[in-house]
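Student: Here you go, one structure.
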Amino acid sequence: MAGLRPLLVPSLAGDPVHKALWADRHVAKVEGGRAVIEQEAGVVYLALGLRNVGSGIALIHGWLAMAHHPGDGSHPAPEDFRRQGIDLYVPAGGTGYWESAIRDAGDPMRPAVEKALASREPFRIDLLYGDQRGNQRIITRFAVVPTEDFWYGQASRHWNLDRPEPR
């Protein structure tokens, strides 16, 4: 099992472009090393370009988006994560992406994401994932940081949930 652990980090600038396609047919190109945050017709679309530097497949179980608080060293409880509507995986040693959307106007995650989009300020996305059996769960925190023309995704912390922490 130790040899098949996934570990997600942002994809690299030269990695393949992935096409994110949401259930309502919204489409976005997810370029290497970048994040997508778009608002259209009352829906906020989010995506991250990912690379799995581990040796096992990464199956994404859930996500949380929130305001960026540098130095916050705690992770949310697994039961607090929003479940993925579709199975998304990143192959071992390969690239992929994560996508989701905030559709409900009363969604508690919406204000922080809309504020970040409007004022072009950083926010964060935590991803909960594990191997294809649902074991070896990890939470990776990604900072989503704006530039003038696009958004970067940057991993800032990893937590192992099913084994002791290395630090």
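Every number here is computed from the coordinates shown, using simple stated rules; none is lab data. Since the structure is predicted, the reported quantities are computational estimates derived from the model, not experimental observations. We place every Cβ from the backbone using ideal geometry, glycine too, and count neighbours over all the protein chains shown.
Student: Report the antiparallel proportion of the DSSP beta bridges in the chain as a percent, rounded to a multiple of 5.
Tutor: 100 percent
Student: Also: For the chain, what is the calculated [θ] at 222 nm in deg cm²/dmol (nearest 500), taking -39500 (n - 2.57) for each run of four or more DSSP H residues and dividing by its residue count?
Tutor: Computed mean residue ellipticity for the chain: -2000 deg cm²/dmol.
Student: Let me ask another. Which far-off residues, 5 or more places away or on another chain, put their amide H under 5 Å from the one on Ala92, with H placed in the peptide plane?
Tutor: The answer is Ile57, Ala58.
Student: Projecting each Cα onto the charge dipole of the chain (Lys/Arg +1, Asp/Glu -1 at the beta carbon, about the Cα centre), which of Ile57, Thr147, Ala112 comes out farthest on the positive side?
Tutor: Going by the charge dipole, the pick is Ile57.
Student: Hey, what D do you get for region 91-147 in µm²/s if you plug the Kirkwood alpha-carbon radius into Stokes-Einstein at 25 °C and 0.890 mPa s?
Tutor: Reported coefficient: 180 µm²/s.
Student: Taking amide H atoms as placed 1.01 Å from N in the peptide plane, list the residues 5 or more away in sequence, or in a different chain, whose amide H sits under 5 Å from that of Phe123.
Tutor: Answer set, sorted by chain and number: Val144.
Student: Right, here's the next one. Compute, for region 2-160, the length of the dipole vector about the Cα centre, with Cβ point charges of +1 (Lys, Arg) and -1 (Asp, Glu) only. Units Debye, rounded to 20.
Tutor: Result for region 2-160 is approximately 360 debye, rounded to the nearest 20.
Student: Another one. Kindly put Asp107, Asp24 in sequence by how many other C-beta atoms sit within 10 Å of each C-beta, fewest to most.
Tutor: Asp24, Asp107
Student: Projecting each Cα onto the charge dipole of region 2-160 (Lys/Arg +1, Asp/Glu -1 at the beta carbon, about the Cα centre), which of Gly73, His158, Pro122 comes out farthest on the positive side?
Tutor: Selected residue: His158.
Student: Compute the angle between helix 110-119 and the longest alpha-carbon principal axis of the chain, please, reported from 0 to 90 degrees and rounded to the nearest 10.
Tutor: With rounding to tens, the tilt is 60 degrees.
Student: Quote the charge dipole size of region 47-106 about the Cα centre in Debye, to the nearest 20; the model charges only the Cβ of Lys and Arg (+1) and of Asp and Glu (-1).
Tutor: Rounded to the nearest 20 debye, it is 160 debye.
Student: Take the alpha carbon atoms of region 92-167, find their center, do the same for region 1-46, and report the distance between the two centers in whole angstrom.
Tutor: About 10 Å separates the Cα centre of region 92-167 from the one of region 1-46.
Student: Counting other beta carbons within 10 Å of each Cβ, put Thr95, Thr140, Thr147 in order, fewest first.
Tutor: Fewest to most other Cβ atoms nearby, the residues stand as Thr147, Thr95, Thr140.
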